[in-house]
Amino acid sequence: MLALWLAGEGGCDAGAGNGPPPSGQAGAGGCPTGPQAQFVLHVTAEDGPVPADTSLRVKWSVGEEPEFLLSDPTTWKTLEDGSNLVCQVDADAGLPPGGLDELVCELWTSGATEVEVSATGYGTDKRTLMPEQIEGCDGPIPADVPIELVRALDGGAGE
């Protein structure tokens, strides 16, 4: 089930004036004006390109999304595939030579969302993301989430 929050059924308080939105298009007061990913992950590695074996796992109220593996294009899904975890990679082109400096993934979820990012030799980053609210908006606003993979002290598998 694709969970989208659609703005426009009540709009925003035009006088809210709470500054610019964190990402994407926005209406008055930073409120979303249409469907947008709830969270946009920006995954980087502290010492170079994002590791080819990077994996993302996402759980939210509807259940667990299929795991995304950067090294496995068969796991690279789109909204049209029914996935709520959509990373900006091109399945036809594959990974560029030298890898990716940043892996950007959209989470089309609602409510609290558990995210786990791991790669061999790096510590696992596991966190629960909570939707952000702006006074005057009818619902949550999209949020950019930076995640930096940091080398594991023991040089372990990152799990």
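The values are calculated or read from the model by the stated rules, or taken from the named source; none is laboratory data. These numbers were taken from a predicted model, which means no experiment stands behind them. With ideal geometry, Cβ positions are generated from the backbone for all residues, glycine too; neighbour counts draw on all protein chains shown.
For residue 120, the conditions (1) part of a loop (DSSP other than H, G, I, E, B); (2) within 28 Å of residue 80 (Cα to Cα) all hold with the exception of (2). On inspection, residue 81 does not qualify as within 15 Å of residue 118 (Cα to Cα), surrounded by fewer than 20 Cβ atoms within 10 Å (Cβ to Cβ) and not aromatic (Phe, Trp, Tyr).
Summed over the range 66-79, residues that are without any contact (Cβ under 8 Å) to a residue 24 or more places away in the chain and under 17 Å from the mean Cα position of the chain (by Cα) total 7.
For residue 74, the conditions (1) surrounded by 12 or more Cβ atoms within 10 Å (Cβ to Cβ); (2) in a helix (DSSP H, G or I); (3) hydroxyl-bearing (Ser, Thr, Tyr) all hold with the exception of (1).
Give me the residue from the range 34-53 that is under 14 Å from the mean Cα position of the chain (by Cα) and of a type in the set (Val, Ile, Thr) and, out of that set, surrounded by the most Cβ atoms within 10 Å (Cβ to Cβ).
Taking the range 34-53 first, the residues under 14 Å from the mean Cα position of the chain (by Cα) are 36-44.
Filter again for of a type in the set (Val, Ile, Thr), leaving 40, 43-44.
Numbers: 40: 19, 43: 24, 44: 16.
Here the residue is 43.
Among residues of the range 126-141 that are more than 12 Å from residue 59 (Cα to Cα), those with a beta-carbon under 7 Å from a residue that is of a type in the set (Phe, Trp, Tyr) and assigned to a loop (DSSP other than H, G, I, E, B) at least six positions away or on a different chain give the pairs 139/5; 140/5.
Let's see how each residue does on (1) hydrophobic (A, V, I, L, M, F, W, C); (2) assigned to a helix (DSSP H, G or I); (3) modelled with pLDDT under 95:
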{"site": "2", "(1), (2), (3)": "yes, no, yes"}
{"site": "6", "(1), (2), (3)": "yes, no, yes"}
{"site": "23", "(1), (2), (3)": "no, no, yes"}
{"site": "41", "(1), (2), (3)": "yes, no, no"}
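Please go through the range 141-153 and pick out each residue that is surrounded by fewer than 18 Cβ atoms within 10 Å (Cβ to Cβ), in contact with a strand residue (DSSP E or B) (Cβ under 8 Å, 6 or more places away or on another chain) and in a loop (DSSP other than H, G, I, E, B). Once the filter is applied, which keeps residues that are surrounded by fewer than 18 Cβ atoms within 10 Å (Cβ to Cβ), in contact with a strand residue (DSSP E or B) (Cβ under 8 Å, 6 or more places away or on another chain) and in a loop (DSSP other than H, G, I, E, B), the range 141-153 yields 150, 152. For residue 95, the stated conditions do not hold, so it cannot be described as part of a loop (DSSP other than H, G, I, E, B), without any contact (Cβ under 8 Å) to a residue 40 or more places away in the chain and not β-branched (Val, Ile, Thr). Going by the structure shown, is residue 137 at pLDDT below 95 and within 24 Å of residue 33 (Cβ to Cβ)? Yes: the conditions hold for residue 137.
When residue 105 is tested against (1) crowded, with 19+ Cβ neighbours inside 10 Å; (2) in a loop (DSSP other than H, G, I, E, B); (3) of a type outside the set (Asp, Glu), exactly one condition is not met: (2).
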